[in-house]
Every structure is written in C-alpha cells, then in structure tokens.
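In what follows, a structure is listed as structure tokens, so that the remarks can point back to it.
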Amino acid sequence: MLAASGLMVSGCGGKGEAASGTWREQMKQVRFAVRGAEDDPTMAKRWDFYRQYLGEATGLPVKVYESSDYNGAIQAIASGQVDMAQLAAGSYANADAQVGKLVAPILTVRQAEGAMGYYSAVIVKADSPIKSLADMKGRSLGYVDFNSTSGYLFPRSQMRAQGIDPDTYFGKTSFAGGHTQAVMALENGQFDAAVISVGGGNPVDGFTTGPIQTMARRGLVDANGFRMIWVAGPVPNVAFVTRTDRPQAFIDLTRGALAALAYDDPDLWVGIGQADGSAMTAVDRDFYADVIKLRAADIANRRAGGRPGKSS
C-alpha cells in the first residue's frame with residue numbers, strides 16, 4: 001500500500017547496530033511519512049535531518065517515506081503502515097475521521113512571538129482587474145487539494161462565514177494538486193485566482209513565506225507578479241502525529257527529543273528551514289478540534305449538494 005499511495009523510501013538511518021530494550025525489539029525500526037515538497041529543496045534537507053536525528057534519539061533505524069500527495073501520508077499513518085507522520089491540520093482531521101484515537105498529534109511549531117498558525121490567501125496575477133472576492137463571482141478558482149487545510153478546507157469555511165457559498169459563487173473550481181502547481185496554474189492562465197498558504201507574518205504587516213517566495217528564490221516566478229485579494233486565518237500549524245498503539249516509551253522519547261531540538265542546537269534548527277526563535281511545543285487533539293469540525297461540516301455540505309445557505 002505504501003507504493004500504491006505514492007510513497008517512496010528516501011533512506012534509513014540510526015546507528016545500525018541491534019537496539020536493546022523491549023519496546024525497541026518490538027518496533028525494530030521507525031517509519032515516518034511526510035508529504036514531499038518538490039518546490040522547496042530545504043524540505044529534503046529537513047527530512048534527511050529528522051531521519052538521522054530520530055535514529056540517534058531512538059537507537060533504531062529510521063525510514064522516511066515521502067508521499068507525492070496529501071493522501072499518501074494520511075493513508076500510511078491511518079492504516080498503521082508508519083509509526084509517525086507530519087500532517088497539516090486538515091490531513092490530520094482526515095486521519096482522525098478514519099481511525100480516531102489511534103492517531104494523535106504530539107507536537108507543532110510555535111513561532112518566536114507565540115503564534116502557532118499560518119494563513120490562507122486567494123491570489124491573482126498582478127495585472128488582473130480582480131481586486132477582491134466580490135470580483136470573483138462567476139470566475140474560476142484553483143484549490144490546492146481536497147486534503148489541504150489552507151488550500152481548500154479552511155478558506156471555504158471562511159467564505160461561507162462571510163456569506164459566500166464556494167460551491168455556487170465561482171464559475172469553475174478545480175484542484176491543482178499542490179501549492180506550487182496552484183501558483184503555476186495561475187501563472188499560465190488556467191485560473192482567474194488560486195488559493196495558497198502564506199506565513200511568516202500577518203495580514204497587517206504582510207507575509208514573508210509561502211510557495212510564491214519559495215518559487216521566486218528558485219527563479220520559477222516573479223514574486224511581484226502576484227497580488228493577494230483575500231486572507232483568512234490563522235490555521236493551526238502542521239502537526240507531528242503518531243500512532244497511539246505504538247509503545248508509550250517510544251512516543252515519549254520522540255516527543256521529548258524533537259521538543260528539545262531548537263534549544264539544544266538552534267543553528268541546526270534554523271539550518272533546516274525553521275524560523276529563528278521558534279520551537280516545537282506539545283499539542284493534542286483539542287488544538288485541531290475546530291478543523292476537525294470544519295472538515296466534517298464541509299463533507300456534509302458537499303454530500304447535501306452544496307446548496308446555498310447550507311451551514312459549514
């Protein structure tokens with residue numbers, strides 16, 4: 001199923017020698033699922049680091065499985081084929097709907113100023129006549145993925161809260177498959193607007209991170225070639241989740257080791273693409289409760305035909 005879900009092994013780490021201890025003998029290895037990010041080379045460096053770091057912390061070999069889409073990582077952790085995964089809030093809500101307490105969030109990143117979220121934005125090309133969502137009625141909008149929090153689930157709920165039914169308001173909607181793909185589709189004229197994630201700031205002061213900035217650094221797009229016309233958030237940050245049917249000693253050790261990383265080696269923490277002053281902090285299901293409810297409501301609304309006025 002790992003292969004069928006679009007996952008590929010990126011390597012294994014750890015010390016290599018036989019690990020001692022009952023829970024280590026039981027697990028034999030640590031399997032970690034993530035969604036690959038082809039638009040950001042820093043992510044590959046991050047996954048390789050986590051592989052090595054977790055191997056040293058647990059004394060077990062670690063395999064990182066990179067999924068080509070959101071669903072690959074979701075199904076890997078929900079089915080128990082991996083022990084850990086990194087999932088966005090909407091993806092965790094999907095896993096929670098499938099297996100409930102068998103999958104639980106244990107950590108997320110807290111920024112230096114205390115923020116624990118990012119934002120969803122609707123963008124258009126800089127020369128577009130569209131100035132706001134009011135100008136988008138009957139036009140085409142590109143979402144990221146059904147399991148994307150900032151690229152689908154969260155903005156739809158916020159639009160409904162503002163009196164816009166996303167199932168009837170736009171002339172055409174479809175999925176681009178990823179944040180990078182959404183930006184490129186907009187650049188190539190496939191949509192009038194696209195939904196993406198933005199971070200490293202707020203709606204008042206602006207944002208410094210997101211797919212546009214990442215792609216601009218690689219020379220794929222001109223960052224000044226796009227405008228934001230709508231912002232919603234914050235969205236709860238991405239979570240490290242674990243299978244709760246794994247040994248508690250493994251869960252506790254992993255949570256402690258990852259939480260200590262930013263303090264034990266701040267230079268390395270920044271070197272793998274994390275913001276200076278940020279760190280991991282413990283979370284549980286309650287932190288993502290609102291997103292879990294949003295996902296359930298969105299699915300119920302779509303099953304009802306997405307009729308105008310249907311609450312989300």
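Every read-out reported here was derived from the displayed coordinates using simple, explicitly stated rules and does not represent laboratory data. Since the model is a prediction, treat every value here as computed from it, not as a measurement. Backbone-built Cβ (ideal geometry, glycine too); neighbour counts: all protein chains shown.
Observations
- Pairwise centroid distance, computed over Cα atoms, of the range 213-284 with the range 88-104, Å: 18
- Unit Cα scatterers, Debye sum, the range 158-281: log10 I(q)/I(0) for q = 0.13, 0.21 Å⁻¹: -0.77, -1.27
- Taking each of Lys63/Lys101; Lys101/Lys293; Lys131/Lys293; Lys63/Lys293 in turn, the alpha-carbon distance tops 27 angstrom for Lys131/Lys293; Lys63/Lys293.
- Theoretical gain in end-to-end length, Asp284 to Ser132 [0.36 nm per residue, Cα-Cα removed]: 51.1 nm
- Estimated FRET transfer efficiency when R0 is 30 angstrom, pair Arg255-Ala44 (beta carbons, to 0.05): 0.80
- Reachable aspartates and glutamates from Lys45, criterion Cα separation under 20 angstrom, eight or more residues apart if same chain: Glu56, Glu66, Asp69, Asp264, Asp265, Asp267, Asp276
- Relative contact order, whole percent, for the range 118-236 stands at 43, derived from Cα pairs under 8 Å and 6 or more residues apart.
- Cut-off under 5 Å, modelled amide H: who pairs with Tyr118 long-range: Val235, Asn237
- Considering only the chain, percent of DSSP beta bridges that pair antiparallel, nearest 5: 70
- Amide H partners (placed H, <5 Å) of Trp230, local residues excluded: Val122
- Of the trypsin sites (Lys or Arg not before Pro) in the range 140-225, those whose Cβ has at most 15 other Cβ within 10 Å and which sit in DSSP loop: Arg218
- At an R0 of 45 angstrom, the distance between the Cβ atoms of Arg217 and Ala304 translates into a FRET efficiency of 0.55.
- Label zone at Ala112 (point 7 Å along Cα-to-Cβ), backbone N below 14 Å, the range 264-299: 266-267, 269-271, 274-279
- Shown in residue order for the range 80-92 are the 3J(HN,Hα) couplings computed by the Karplus curve 6.51 cos²θ - 1.76 cosθ + 1.60 at θ = phi - 60°: x, 7, 10, 8, 9, 7, 10, 10, 5, 4, x, 5, 4 Hz (x for Gly and Pro).
- Per residue convex hull volume, Cα atoms of the chain, in Å³: 130
- For the range 72-86, backbone nitrogen atoms closer than 15 Å to the point 7 Å from Glu56 Cα along Cα-to-C-beta are found at no residue.
- Each stretch of four or more DSSP H residues adds -39500 (n - 2.57); spread over every residue of the chain, this sum gives -10000 deg cm²/dmol at 222 nm.
- Degrees, to the nearest 10: 41-58 long Cα axis against longest axis of the chain: 30
- Computed extension gain for Asp245 through Thr22, at 0.36 nm per residue and net of the alpha carbon distance, reaches 78.8 nm.
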